[in-house]
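Enquirer: To start, I am sharing the structure in question, which I have written as structure tokens.
The values are calculated or read from the model by the stated rules, or taken from the named source; none is laboratory data. None of these values were measured; they are calculated from a predicted model. For neighbour counting, all protein chains shown are included, and Cβ atoms are generated from backbone atoms with ideal geometry for every residue, glycine included. Keep in mind that these areas ignore ligands, DNA and RNA; they rest on the heavy atoms of the full protein, side chains included. Shrake-Rupley method; radii C 1.70, N 1.55, O 1.52, S 1.80 Å.
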Amino acid sequence: MQQSNKNRPPLKIAVLGSGKGSNCQSIIDAIRAGTLNARIVCIISDVKNAFILERAQKHGIPAEYISAAPFKTKLEGKAEQNYLSELRKYGAEVIVLAGFMRIIKKGMLEAFAGRILNIHPALLPAFPGVESWKQALNYGTKIAGCTVHIVNEGTDTGPIIVQRAVPILENDTPETLHARIQVEEHKAYPEALKLLSEGRVSLDGRRVKINMD
Ligand code: GRF
């Protein structure tokens, strides 16, 4: 039987990010507003001076820089082990990738199977990879958006939990479009985490089922 939401302990989230961390901020805000029953147990970055670490400190959340060298675009080997031991130390239940610019490999995927989330600035499966808002604009689609998905071994290929659409306007530039997508990202990530924290998310093949009973 599903545990009543009132009695559920806060979901213990670890956030991994390489940049400014505006998505992380939206999660912090949702927790503070009481709309998301979760606790950010640590924020880890592979970039020493990333602004996301400053946000962590400002909010009294443990902040860690952990080098992911020698790799440039993935998290593997000794570095992956260092990340995993920190995540375990803080008792993380779910890993939230918020602008973490590295591919997650087998070791972490297996240790947190089905419990790693990512946000991507496009309506997947269209436009995986980098600068997807630019890809959508250059392709000429009329609708862009964002996707929160479970991370699997592919790049931006995991089961989709939440998507939000953003119309592309006649005079959009990559910057104006990305800014409007980010507004929706900041709703989508807390929404997906709320579903997870309430135990409403299950998998049927690659379809995510949301139980709203
Ligand atoms: C977001 O656009 C997200 O979709 C992508 O990286 C960006 C991170 O932005 N994965 P921020 O650091 O959360 O502001």
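Enquirer: So what is the diffusion coefficient of region 41-123 in µm² per second by Stokes-Einstein at 37 °C and 0.692 mPa s, using a Kirkwood Rh over Cα pairs?
Expert: Estimated via Stokes-Einstein, D reaches 247 µm²/s.
Enquirer: Let me ask something additional. Using Cα pairs closer than 8 Å and at least 6 residues apart in sequence, work out the relative contact order for region 58-193, in percent.
Expert: 19
Enquirer: Quick one: of the DSSP bridges fully inside the chain, what percent are antiparallel, nearest 5?
Expert: That works out to approximately 45 percent antiparallel.
Enquirer: Across region 132-149, in residue order, what do the Karplus-derived ³J(HN,Hα) couplings come to in whole Hz, using 6.51 cos²θ - 1.76 cosθ + 1.60 with θ = phi - 60° and x for Gly and Pro?
Expert: 5, 5, 5, 4, 5, 5, 5, 6, x, 5, 8, 10, 10, x, 9, 9, 9, 9
Enquirer: Residues of region 58-98 with amide nitrogen under 16 Å from the 7 Å Cα-to-Cβ point of ASP29?
Expert: Under cut-off, by backbone N: 59.
Enquirer: Which residues' amide hydrogens lie under 5 Å from the amide hydrogen of ILE61, considering only partners 5 or more residues apart or on another chain, with H built in the peptide plane?
Expert: none
Enquirer: In the chain, what percent of the accessible surface is made up of carbon and sulfur (1.4 Å probe, ligands and nucleic acids excluded)?
Expert: Reported share for carbon and sulfur atoms: 54 percent.
Enquirer: Moving on. Given a Förster distance of 30 angstrom, what is the FRET efficiency for LYS105 paired with LYS187, based on the Cβ-Cβ distance and rounded to 0.05?
Expert: According to the calculation, E is roughly 0.50.
Enquirer: For the chain, set up a Gaussian network in which alpha carbons nearer than 10 Å are linked by springs, and say which option among ALA63, ALA122, ALA98 fluctuates the most.
Expert: Largest GNM mean-square fluctuation: ALA63.
Enquirer: Keeping all protein chains in place, calculate the accessible area per residue for region 54-192 (probe 1.4 angstrom), answer in Å².
Expert: Solvent-accessible surface per residue comes out at 50 Å².
Enquirer: Convert each backbone phi in region 109-120 into a coupling constant with the Karplus relation 6.51 cos²θ - 1.76 cosθ + 1.60 (shift: θ = phi - 60°), then list the ³J(HN,Hα) values in order as whole Hz, x for Gly and Pro.
Expert: Karplus values, whole Hz, x for Gly and Pro: 4, 6, 5, 10, 4, x, 10, 10, 10, 9, 10, 10.
Enquirer: While we're on this one: Go through 125-138, 20-33, 194-207 and give me the packing order, highest mean Cβ count within 10 Å leading.
Expert: Going from most to least packed, we get 20-33, 125-138, 194-207.
Enquirer: Counting only Cα, what are the radius of gyration and maximum Cα-Cα distance Dmax of region 1-154, in Å?
Expert: 16.1, 48
Enquirer: Give me, ordered by chain and number, the residues 5 or more places off ILE40 or on other chains with an amide H under 5 Å from its own placed amide H.
Expert: ILE13
Enquirer: Once amide H atoms are placed 1.01 Å from N in the peptide plane, what residues at a sequence separation of 5 or more from PHE127, or on another chain, have their amide H within under 5 Å of its amide H?
Expert: none
Enquirer: Order the peptides 79-90, 8-19 from the highest to the lowest mean number of other Cβ atoms within 10 Å of their residues.
Expert: Descending packing order for the listed peptides: 8-19, 79-90.
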